[in-house]
């Protein structure tokens, strides 16, 4: 995800996304700036380090008239709880790094410009563990979320697709 909150794919089930949960080492995300589109990628990480000025939002779904069914609800509800995830996805307001930390989504909030450095420090620390411990810890930690993704995202995508089709039909009818 770049500083404008843009990602390379279309949700958890997009292009390379199915492989992200299969990364077999602890994953650390460093967030500087806005993560306003496809923040579900970030929440597939084990540890999230966010700069004070970082914010999270979902501009591409409910705010745009589309059901958030591509995995964003699954990841946010897993990390923050269902009630917070629902409010986050329904509200048109970004969530600050500090609030995301209160919710348990972000592990550390650091001064602006220091998220990547802190993430690299953590990576060096994690590399001290034996390889099998690193690999199997990631596998163990991500397993419950992977199960939810498999269970929920297919149905969510069908609802998202139906809402997107209805939105397109309504837009075409107006023109």
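The values are calculated or read from the model by the stated rules, or taken from the named source; none is laboratory data. Note that this is a predicted model, so its numbers are computed, not measured. Cβ coordinates were reconstructed from backbone atoms using ideal geometry, including for glycine residues, and neighbour counts include every protein chain displayed.
Specify which of the listed residues (99, 153, 105) is part of a loop (DSSP other than H, G, I, E, B) and buried (at least 16 other Cβ atoms within 10 Å of the Cβ).
Values: 99 fails: part of a loop (DSSP other than H, G, I, E, B); 153 fails: part of a loop (DSSP other than H, G, I, E, B).
Among 99, 153, 105, only 105 is part of a loop (DSSP other than H, G, I, E, B) and buried (at least 16 other Cβ atoms within 10 Å of the Cβ).
Scanning for something closer than 22 Å to residue 21 by Cα and at pLDDT 95 or above, does segment 90-97 turn up at least one residue? Explain how you work it out, then say what you get.
Within segment 90-97, the subset closer than 22 Å to residue 21 by Cα is none.
Scanning segment 90-97 turns up no residue that is closer than 22 Å to residue 21 by Cα and at pLDDT 95 or above.
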*Filter segment 43-58 down to residues that are in a loop (DSSP other than H, G, I, E, B) and more than 13 Å from the chain's Cα centre (by Cα), then give me how many there are.*
3
*Exactly one condition in (1) modelled with pLDDT of 95 or more; (2) closer than 22 Å to residue 23 by Cβ is not met by residue 150; state its number.*
(1)
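Can you say whether residue 119 is in contact (Cβ under 8 Å) with a residue 40 or more places away in the chain, assigned to a helix (DSSP H, G or I) and crowded, with 17+ Cβ neighbours inside 10 Å, as far as the supplied structure shows? Spell out the reasoning first.
On the way: in contact (Cβ under 8 Å) with a residue 40 or more places away in the chain: yes; assigned to a helix (DSSP H, G or I): yes; crowded, with 17+ Cβ neighbours inside 10 Å: yes.
Considered against the rule, which asks whether it is in contact (Cβ under 8 Å) with a residue 40 or more places away in the chain, assigned to a helix (DSSP H, G or I) and crowded, with 17+ Cβ neighbours inside 10 Å, residue 119 comes out as yes.
Residues checked against (1) touching a residue at least 40 places away in the same chain (Cβ under 8 Å); (2) surrounded by 24 or more Cβ atoms within 10 Å (Cβ to Cβ):
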{"position": "45", "(1), (2)": "no, no"}
{"position": "53", "(1), (2)": "yes, no"}
{"position": "71", "(1), (2)": "yes, yes"}
{"position": "78", "(1), (2)": "yes, no"}
{"position": "92", "(1), (2)": "no, no"}
{"position": "111", "(1), (2)": "yes, no"}
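Residue 40 - would you say it is within 18 Å of residue 22 (Cα to Cα), in contact with a helix residue (DSSP H, G or I) (Cβ under 6 Å, 6 or more places away or on another chain) and not in a helix (DSSP H, G or I)? Before you say what the answer is, go through the steps one by one.
Numbers: within 18 Å of residue 22 (Cα to Cα): yes; in contact with a helix residue (DSSP H, G or I) (Cβ under 6 Å, 6 or more places away or on another chain): yes; not in a helix (DSSP H, G or I): yes.
The answer is yes for residue 40.
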*Among the residues of segment 99-115, how many are over 17 Å from the mean Cα position of the chain (by Cα) and under 14 Å from residue 45 (Cβ atoms)?*
0
*Looking for whichever is within 16 Å of the chain's Cα centre (by Cα) and within 27 Å of residue 26 (Cβ to Cβ) here; the options are 134, 118, 148, 138. Which one fits?*
148
*Any chance segment 125-134 includes a residue that's in contact with a strand residue (DSSP E or B) (Cβ under 9 Å, 6 or more places away or on another chain), farther than 30 Å from residue 60 by Cβ and modelled with pLDDT of 95 or more?*
yes
*asked:* Would you confirm whether or not segment 76-85 contains a residue that is in a helix (DSSP H, G or I), at pLDDT 95 or above, over 20 Å from residue 19 (Cα atoms) and in contact with a strand residue (DSSP E or B) (Cβ under 6 Å, 6 or more places away or on another chain)?
replied: no
